[in-house]
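Okay, structure first, notes after.
Please treat every number below as a calculation from the coordinates, not as lab data. Treat the numbers as computed from the prediction; the structure is a model and nothing was measured. Quick reminder, even Gly has a Cβ in these numbers, built from the backbone with ideal geometry, and neighbours come from all protein chains shown.
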Amino acid sequence: MGDGTGRGARFERDGSTLRFGRAGARTVVSMCSPRIIRVDLEVEGQVDGPSHLDARAWAATRFEAIEGNPLRLHR
């Protein structure tokens with residue numbers, strides 16, 4: 001199991017959000033609830049696109065990111 005913060009990490013973790021990739025364009029996966037996952041493309045210099053979820057503050061969702069190929073998320 002890993003948290004993605006080590007050297008050569010495949011992702012960065014910030015609470016309930018994982019960011020994959022490097023500067024320029026990154027895929028962002030946010031755990032909004034145990035049943036809702038939000039996936040965004042974060043492109044440097046561009047504003048956010050439209051969303052299918054209403055803007056709201058989601059409570060922190062606990063989960064594990066289990067290293068491997070593929071990376072698995074488990075709550």
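Just how many % of Cα pairs in the chain lie over 17 Å apart, if you round to the nearest whole percent? All intermediate terms of the calculation are to be shown ahead of the outcome.
Numbers: 1311 of 2775 pairs.
Value for the chain: 47 percent of Cα pairs lie more than 17 Å apart.
Applying the Karplus relation 6.51 cos²θ - 1.76 cosθ + 1.60 with θ = phi - 60° to the stretch 39-47 yields 3J(HN,Hα) values of 10, 10, 9, 9, 10, 4, x, 10, 6 Hz, where x marks Gly and Pro.
Can you give the extra length, in nm with one decimal, that the chain gains between R35 and F63 once fully stretched, where that is 0.36 nm per residue apart less the Cα-Cα distance? Fully extending the segment from R35 to F63 adds 8.9 nm. Put a plus charge on the Cβ of each Lys and Arg, a minus charge on the Cβ of each Asp and Glu, and nothing anywhere else: the dipole of the chain about its Cα centre is then about 260 debye.
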